[in-house]
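Undergrad: Please read through the structure below; I'll follow up with questions.
The values are calculated or read from the model by the stated rules, or taken from the named source; none is laboratory data. Given the structure is predicted, the values throughout are model-derived calculations rather than measurements. Glycine gets a Cβ as well: all are built from the backbone with ideal geometry, and neighbour counts include every protein chain shown. For accessibility, only protein heavy atoms count, side chains too; no ligands or nucleic acids. Shrake-Rupley method; radii C 1.70, N 1.55, O 1.52, S 1.80 Å.
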Amino acid sequence: GQCFAQNLLRNPGFEPPERDGLADGWVNNTWGDCKTVFALDYERPHAGRSCQRVECVERRGGASQFLQPLKLEAGKHYRVRLWVRAEGNVPWVGAVLRQAPEPYKHHLAGRIEPGKDWELLEFEGLVTESEEQAGLFIWFEAEPKGIVWVDDASVEIVEPQAEQGPAPTRNVVANGSFEVDPTRTWDAVGGKVQWPCEENAAHGTRSLALKLTAGETFTLTTPCMVFNGAGLSFTLALSARARGGPVAVEANVYSACQVGQAGSLLHLEARPDETMRRFSATGGLAPSLNGAYFLRIHGRADAAAEIWLDAVSLSPKGEAFEPASDLEAALSTTALAGIFAPGEPLKARLEAFSATGNHDRRFVVEIRDHWEKVVGRQEVSLHVPADRPAGKEITLSLRRLGAFRADVVAAGAEKPLASMVFSVVPKPSRVPPEESVIGGHFSTASDWQMEIARRLGYRWTRIHDCSEITHWAASEPEKSLWRFFDAQVARVKAAGLEILGEFLRVPTWATVAEKGTQACACGVGPFRDMGEFEEYVRTVVGHYRDEIHYWEIWNEPYGSGFWGGTAEEYAELAKVAARAAKEADPNCQLLAPCTTPYAPEWTQKALAAGAVNGVDIFSYHGYGCFMKNQYDLVNEWARRSGQLMPRWNTETGVTARTFYRHVADKLEDEYTRWIW
C-alpha cells in the first residue's frame, strides 16, 4: 500500500467501518439534482482491503461530492494525491482544498480524466490564508450517470521541490542590451516603442526607446528566467536617459508563480534625466515556487517625454553589464501577427549578436507543430562580428496549414537561442455575419486587432471586456452627459465585423451600491431609477441604430460580479431594456438572459419572472465543452410558447499549454488558474 509520512487525512485508504456507505472520516456533500449512492468496494481496491465507490444514479444538475474536514495554514505548501478510476459517462473527477462554508474560497485544485484503470491525481501549491473550516472535497459531474472509485488519498505539508535551475554566475536577463529584436520575447504595453534605436546605447550599438504623451505609462516584461536564486545576493540594474518629462521608472523582480508570491522580490527606482546613467538596487531573492522569475519595468511621464533604456541586468556579480549569453539571437517576421496564407513565402529575419567573437556561425532552424513534432529543418550561415549585431533575411521551408514554432539553435548546441511562433491560415471566405459562428472580444480602438480579426475570418465582436463603448457608465458618465464612439464603431464596420452591443455597468451617479465599495466601482448596481436605465437604452440604441443591430441585455447577471440584484430584478431590467430598445429600433435583435447551465436555480427564477419576454435570441455562456444534458437544459429554457428560440453562446473558450518557449509552462496567476 501507499505510505504517506505526513498525511493529514483520517482513514485515507477508505477502510471500514462505514456509515451510509461512506468510509469513516468522510462526509457526503452531494448537492443539486444529483442522486448519488456511496458504498465501500472490496473487489478491486488500489491498496488495502477496500476503496470508496461513488455511483451517480441520475444527475440533472449539481455534483456527486464528498469531503473530509481539514484546517489549512497560511504559508504552507500542500501536496494532494488520490487514486481514481471510473466507468460510465464521467468526463472528469476533481479535488480541491477549499473553504467549507460560503463563499467557498478555493485554495488548490486539480482534476483528472479518469479511465477504467487506477490513475493518480496529484497537485500541490501554496495556501495563502489560514482556514479553520476547510476540507478536501472530491467531486464529479456524471453525464448523466457513472461510477467513480477513489482510494489512497493524502494531504501533506511538504517543502516545495521547485524545478530550480543552477545558481547563476552571470546576468540572467536575455537580450538585456536590445541588440537583437526584443519584440518576440519582451512584452511591451503603452508608449510608442522604437526599436532598433541607434543612439544612447550603453552597451553594443542599440538601445530601446519609448515616446510617451503627458500622463502616459509603459510596461516592459521580460521572458521567464529559470534559475536558482536562493541564498544569493543579486543586483538589478539598468541604464536610462530621458528627455522631457519629468519621468519616473521602476523595475521589479517577481516570482513567475504569482499565486501567493505576487509581491516584488527586488525593487529599483530611477529618475532618468538628459544624461545616460546607470541605476541599480541590490538584495536577496526569495525562492520561486516554480523555479522561474520575471522582470517588469514600468514608467510614467508627467509631460511628453522620450525615454531610452539599455543594458538591463539581474546579476550576482554586481551592476556592471555583461550579456546573459556569449551568443544571442532573434527570429522575427513583419507578417501581421505572424499570419501567412497558403503558398505565401514564409519570410523571416534571423539576427545574432556576440560580444566575444568575430566569426562565421551556423544555425539550425527547426519548425515544430503544436504537438512538438519537427515538420521542417534547415541550416543558415551568418557572419557575426564582435559587439555588433548581424542579420539575414531567410525563407522558411514548410508546406502545411496550422500553428507552428520555429526554433533557432546554434550548430552543435541543444538549447534554442530564439523562437518565433507563426501560422499558415487559409484566407477566410467572406460569409455574411449572420451566417458566421465566429466572434471574439476585440478592442474597437485598435486598428491592429481589427486587422487580425479580418485576416482570421472573425465576423463578430462583442462589446465586453476589451471595449465598453455601449456600456452605461461609458455612454453617460454623468447625468445627461452623453458620449458616443462613432469613430470606433466605424473602425469595426470597416473591418467587416458585426457588433454585438451590450447593456452593462451602472454609472456611479446612478447606482444604489454604497459609495467607495467594489460594487459601486464595478457598476454592478442595482440602479436607483428604472427610468434612467430605460433612457440610457433608448438613447444608445437610437444613436447606433444604423450600425449596431444586435444587443445583449447585461452580462452573466447570475453572478454578483456583474449584477448586484436578484433574478427577479434582472427580469424587470430585461423587460424594460427590451421595450426601450424596440421603441428606438424596431428591427434590432435582443439577447437575454446571458445565463449558464451551472446556474439552474437563478435561471428558473429569472425566466419565471419574464426575463426573455420581448427577447429574440436566448443567450448563455459556457467555457470548454458542454455535455448533452447541459445543451438539453439550455434548449428546455429556450422554449417560449412551444417554440424553440435561437440560442447563442456569446462567451466561450478553451485553454492549453503555452506554445511559446519564453513563457514557462508553470507560469501561474489567479486568472489562468481560474479559467483552467
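Undergrad: Explain nothing, just the number: dipole magnitude of region 195-352 about its Cα centre with +1 on each Lys and Arg Cβ and -1 on each Asp and Glu Cβ, in debye rounded to the nearest 20.
TA: The dipole magnitude comes to about 160 debye.
Undergrad: Which one of W308, A606, I339 has its Cα pushed farthest toward the positive end of the charge dipole of the chain, where Lys and Arg give +1 and Asp and Glu give -1 at the Cβ?
TA: It is I339, whose Cα lies furthest towards the positive end.
Undergrad: Express the carbon and sulfur contribution to the solvent-accessible surface of the chain as a percent, rounded to the nearest whole number, probe 1.4 angstrom.
TA: Answer for the chain is 49 percent, counting heavy atoms of protein chains only.
Undergrad: Calculate the FRET efficiency for E129 and E514 from the Cβ-Cβ distance with a Förster distance of 30 Å, rounded to the nearest 0.05.
TA: Numbers: r = 25 Å, r/R0 = 0.83.
Efficiency, rounded to the nearest 0.05: 0.75.
Undergrad: Give the residue list of GluC sites (Glu not before Pro) in region 263-326 that are DSSP loop and have at most 11 other beta-carbon atoms within 10 angstrom.
TA: Those that pass, being in a loop and sparsely packed, are E274.
Undergrad: Sticking with this structure for a sec: Describe numerically, in nm with one decimal, the distance between label points set 7 Å from Cα along Cα→Cβ at V364 and at A167.
TA: Distance between the two pseudo-spin positions: 3.4 nm.
Undergrad: Points 7 angstrom from Cα along the Cβ direction at S429 and E102: gap in nanometres?
TA: 5.1
Undergrad: Of all chymotrypsin sites (Phe, Trp or Tyr not before Pro) in region 456-492, which ones are in loop regions per DSSP and have a Cβ with at most 15 other Cβ atoms within 10 Å?
TA: When the chymotrypsin sites (Phe, Trp or Tyr not before Pro) of region 456-492 are filtered for loop state and at most 15 Cβ neighbours within 10 Å, W482, F484 remain.
Undergrad: Continuing with this model, one more query. Run the helix sum for the chain: -39,500 (n - 2.57) per DSSP H stretch of 4+ residues, divided by residue count, reported at 222 nm to the nearest 500 deg cm²/dmol.
TA: The helix contribution divided over the chain gives -3500 deg cm²/dmol.
Undergrad: Just to verify a number: FRET efficiency for K628 and R19, C-beta to C-beta distance, R0 = 22 Å, to 0.05?
TA: Values: r = 35 Å, r/R0 = 1.58.
Given R0 = 22 Å and the Cβ-Cβ separation, E is 0.05.
Undergrad: Something else about it: Order the peptides 54-64, 169-179 from the highest to the lowest mean number of other Cβ atoms within 10 Å of their residues.
TA: The packing order, highest mean first, is 169-179, 54-64.
Undergrad: Still on this structure, I have one more. In square nanometres, what is the average projected area of the Cα convex hull of the chain?
TA: Hull-based average projected area comes out at 33.3 nm².
Undergrad: Let me check something: with ligands and nucleic acids excluded, how do H383, H464 order by accessible area (1.4 Å probe), largest to smallest?
TA: On the way: H383 90, H464 15 Å².
Solvent-accessible surface, decreasing: H383, H464.
Undergrad: Suppose R0 equals 22 Å; then what is the FRET efficiency for E636 and E87 from their Cβ-Cβ distance, rounded to the nearest 0.05?
TA: Once the sixth-power term is evaluated, E becomes 0.20.
Undergrad: State, to one decimal in nm, how far the label point of V27 lies from the label point of K116, with both points 7 Å from Cα in the Cβ direction.
TA: 3.7
Undergrad: Moving on to the next point. Ranked from highest to lowest mean number of other Cβ atoms within 10 Å per residue, what is the order of the peptides 220-229, 512-521?
TA: Peptide ranking by packing, descending: 220-229, 512-521.
Undergrad: On to the next question. In nm, what is the difference between 0.36 nm times the number of residues separating E344 and L382 and their Cα-Cα distance?
TA: Working: separation 38, 0.36 × 38 = 13.68 nm, distance 2.44 nm.
Residue separation times 0.36 nm, minus the Cα-Cα distance, leaves 11.2 nm.
Undergrad: Which chymotrypsin sites (Phe, Trp or Tyr not before Pro) in region 1-90 sit in a loop by DSSP (not H, G, I, E or B) and have at most 14 other Cβ atoms within 10 Å of their own Cβ?
TA: Of the chymotrypsin sites (Phe, Trp or Tyr not before Pro), the ones in loops of region 1-90 whose Cβ has at most 14 other Cβ atoms within 10 Å are Y42.
Undergrad: A further question follows. Treat every Asp and Glu Cβ in the chain as -1 and every Lys and Arg Cβ as +1, leave all other atoms uncharged, and give the resulting dipole magnitude about the Cα centre to the nearest 20 debye.
TA: Here the chain has a charge dipole of around 1240 debye.
Undergrad: Accessible area of H267, 1.4 Å probe, to the nearest 10 Å²?
TA: 80
Undergrad: Between D447 and W482, what length comes free when the chain is fully extended (0.36 nm per residue of separation minus the Cα-Cα distance, one decimal in nm)? Don't jump to the answer; show the numbers that get you there.
TA: On the way: separation 35, 0.36 × 35 = 12.60 nm, distance 2.46 nm.
That pair, D447 and W482, stretches by 10.1 nm at full extension.
Undergrad: Could you report the chain's accessible area per residue, 1.4 Å probe, as an integer in Å²?
TA: Spelled out: the 1.4 Å probe surface of the chain, per residue, equals 46 Å².
Undergrad: Which one, A487, V541, A513, projects farthest toward the positive side of the charge dipole computed for region 435-545 from Cβ point charges (K/R +1, D/E -1)?
TA: Value: A487.
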